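Q: After the structure tokens below, expect a handful of questions from me.
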Amino acid sequence: MNPVTLEEISALYEKYVMETYARADLLFVRGKGCRLYDSAGKEYLDFAAGIAVCSLGHCHPAVTKAIQEQAAKLVHVSNLFLNEWQPRLAQKLISHGFDGTCFFCNSGAEANEALIKLARKNGSEKGRYEIIVMNDSFHGRTLATLAATGRSKYRKGFAPDMPGFKFVNFNDIDAVRNAITDKTAAVMLEPVQGEGGIIPADGTYLAAVRELCDRNDVMLLFDEVQCGMGRTGSFFAWQSFGVEPDALSMAKALGNGYPIGAMVAKRKYSHVLTPGTHASTFGGTALASAAACAVIDAIDNEKILDNVAKQSKVLMDGLRALSKKYPCIQGVRGRGLMIGAILDQPAGAVLAILRARGMIALSAGENVLRLVPPLNVSDDDCALALKLIDEAFAELCAK
């Protein structure tokens, strides 16, 4: 077979694939660890990790082995029967957090749909259906998760919004307090807002929301699709804030690139969704669950969380130093290896320069340079990233 070319694949995309993404003109054909390689053989330092998905890097040996071995044995039988890996995965997730039960699906949007249905079903007998959500949040692209997303640009063209969501400002406890009524079923938020601009919850905010929810018999739901699975320096994001939700969602990094999502709910809510009230055909297949088990074992065995703490300091300190050198960097914020450099302009220009220099990063909230590298990123990779970012801003300022 002849080597694949950018021109060939681009032509196929243009003819057969819906244009729902603003894709860069890059064709990646191989990845290893923190590196990607395009069709021309050029190497890139990957600080996007598939949008915080490949948290163990590309083609991690243990995850690759688990997928290969399970794919040769059994892929799918449906949730009408048992498979050996789904309950093992659930046990691992519960042992890393609070006691409860799991529901498995395929994506972050589906995991958040499960949170929404859990809260509404739980409150249905008391007429509680409303969910308080945050401005600048992002919960997914389905109609329900879109209606819960606090960025109007994503909802444009899809009106009318699904009813039952009430928006308040993030990190404003008075806004939450004033929004709660006898119709409120839950408060739903991201402990660190991702797409909204890498905005962590304030120190006392989550504890205050937890107290309000307890006092008013309201569920507290955390969307950890992007900020969970070690990204903030603890296995679950809520652990780094010391505030337990009643239920949480995860996806992205759970399979290190293999599609899988999950909702974890405290045991008191384990019988809210009964047979026939919620389901997912591909949720928690033997293959997906085996991959996710390998991911969790690697996080534990390779001391990934220790590396997150170490490299987070390196990158945050390095970016703060660059902010003194380049006035267009107006601040640095984040938690763990979920880091944002706040710019005085859209981040697109610096992302293009970085790509040209061999580094992949992301934007968030339009004017934030987002860094979400693999959690096992090395000292040398962080040093190289800071060097390339320095060079990119020097070029940007020169223009």
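The values are calculated or read from the model by the stated rules, or taken from the named source; none is laboratory data. All figures in this text were calculated on a predicted structure; none of them were measured in a lab. Using ideal geometry, Cβ is built from the backbone for each residue, glycine included, and neighbour counts are taken over all protein chains shown. Side chains included, ligands, DNA and RNA excluded: accessible areas come from the protein's heavy atoms. Shrake-Rupley method; radii C 1.70, N 1.55, O 1.52, S 1.80 Å.
Q: Cβ contacts < 9 Å: first residue at pLDDT below 95, restricted to the stretch 344-366; second residue assigned to a helix (DSSP H, G or I) and aromatic (Phe, Trp, Tyr), any location; separation 6+ or different chain. Result?
A: none
Q: A further question on this structure: How do the pairs read when you match residues in the stretch 203-217 that are under 12 Å from residue 173 (Cα atoms) with residues anywhere that are open to solvent by 80 Å² or more (accessible area, probe 1.4 Å) and assigned to a helix (DSSP H, G or I), using Cβ under 9 Å and keeping only pairs 6 or more apart or on different chains?
A: Final answer for the pair search is 208/177; 212/177.
Q: Moving to a separate point now. So which residues in the stretch 193-213 are β-branched (Val, Ile, Thr), part of a loop (DSSP other than H, G, I, E, B) and in contact with a strand residue (DSSP E or B) (Cβ under 6 Å, 6 or more places away or on another chain), if there are any at all?
A: 198
Q: Being surrounded by fewer than 24 Cβ atoms within 10 Å (Cβ to Cβ), within 30 Å of residue 169 (Cβ to Cβ) and in contact (Cβ under 8 Å) with a residue 60 or more places away in the chain, is that true of even one residue in the stretch 44-52?
A: Yes, the stretch 44-52 contains a residue that is surrounded by fewer than 24 Cβ atoms within 10 Å (Cβ to Cβ), within 30 Å of residue 169 (Cβ to Cβ) and in contact (Cβ under 8 Å) with a residue 60 or more places away in the chain.
Q: Scan the stretch 230-238 and give yes if some residue there is touching a strand residue (DSSP E or B) at 6+ places or on another chain (Cβ under 8 Å), closer than 30 Å to residue 394 by Cα and in a loop (DSSP other than H, G, I, E, B), otherwise no.
A: yes
Q: Give the residues of the stretch 228-255 that are among the polar types (S, T, N, Q), closer than 15 Å to residue 93 by Cα and within 12 Å of the chain's Cα centre (by Cα), sorted by residue number.
A: 249, the sole residue that qualifies.
Q: Can you list residue pairs whose Cβ atoms sit under 9 Å apart, with the first residue in the stretch 6-22 being without any contact (Cβ under 8 Å) to a residue 12 or more places away in the chain and the second being part of a helix (DSSP H, G or I)? Count only pairs 6 or more apart in sequence or on different chains.
A: 19/13
Q: Still on this model: Any residue in the stretch 84-103 that's within 19 Å of residue 272 (Cβ to Cβ) and of a type outside the set (A, V, I, L, M): show its pairings with residues that are open to solvent by 60 Å² or more (accessible area, probe 1.4 Å) and outside any helix (DSSP H, G or I) at Cβ separation under 7 Å, as long as the two are six or more apart or on different chains.
A: Note: pairs meeting the criteria are 98/244.
Q: Next question, about the same structure. Write out, first by first residue and then by second, each pair whose Cβ atoms fall under 6 Å of each other, whose residues are 6+ apart or on separate chains, and whose first residue, in the stretch 24-36, is at pLDDT 95 or above while the second is open to solvent by 70 Å² or more (accessible area, probe 1.4 Å) and not in a loop (DSSP other than H, G, I, E, B).
A: Partner pairs satisfying both residue conditions: 35/43; 36/28.
Q: In this structure, is residue 321 modelled with pLDDT of 95 or more and touching a Lys or Arg at 6+ places or on another chain (Cβ under 9 Å)?
A: Against the criterion (modelled with pLDDT of 95 or more and touching a Lys or Arg at 6+ places or on another chain (Cβ under 9 Å)), residue 321 does not qualify.
Q: Tally the residues that are of a type outside the set (Lys, Arg) and in contact with a helix residue (DSSP H, G or I) (Cβ under 9 Å, 6 or more places away or on another chain), restricting the search to the stretch 3-30.
A: Residues in the stretch 3-30 being of a type outside the set (Lys, Arg) and in contact with a helix residue (DSSP H, G or I) (Cβ under 9 Å, 6 or more places away or on another chain): 5 in total.
Q: Within the stretch 279-298, restricting attention to residues that are open to solvent by 10 Å² or more (accessible area, probe 1.4 Å) and among the β-branched types (Val, Ile, Thr), which residue is nearest to residue 68 (Cα to Cα)?
A: 285
Q: I need the full set of residues from the stretch 222-247 which are under 21 Å from residue 197 (Cβ atoms) and either surrounded by fewer than 24 Cβ atoms within 10 Å (Cβ to Cβ) or hydrophobic (A, V, I, L, M, F, W, C) (or both), in order please.
A: 222, 225, 227, 229, 233, 237, 238, 240, 241
Q: Turning to a different aspect of this structure: Out of 186, 147, 111, I need the residue that is without any contact (Cβ under 8 Å) to a residue 60 or more places away in the chain, crowded, with 16+ Cβ neighbours inside 10 Å, small (Gly, Ala, Ser) and in contact with a strand residue (DSSP E or B) (Cβ under 6 Å, 6 or more places away or on another chain). Which one?
A: Being without any contact (Cβ under 8 Å) to a residue 60 or more places away in the chain, crowded, with 16+ Cβ neighbours inside 10 Å, small (Gly, Ala, Ser) and in contact with a strand residue (DSSP E or B) (Cβ under 6 Å, 6 or more places away or on another chain) holds for just one of 186, 147, 111, which is 147.
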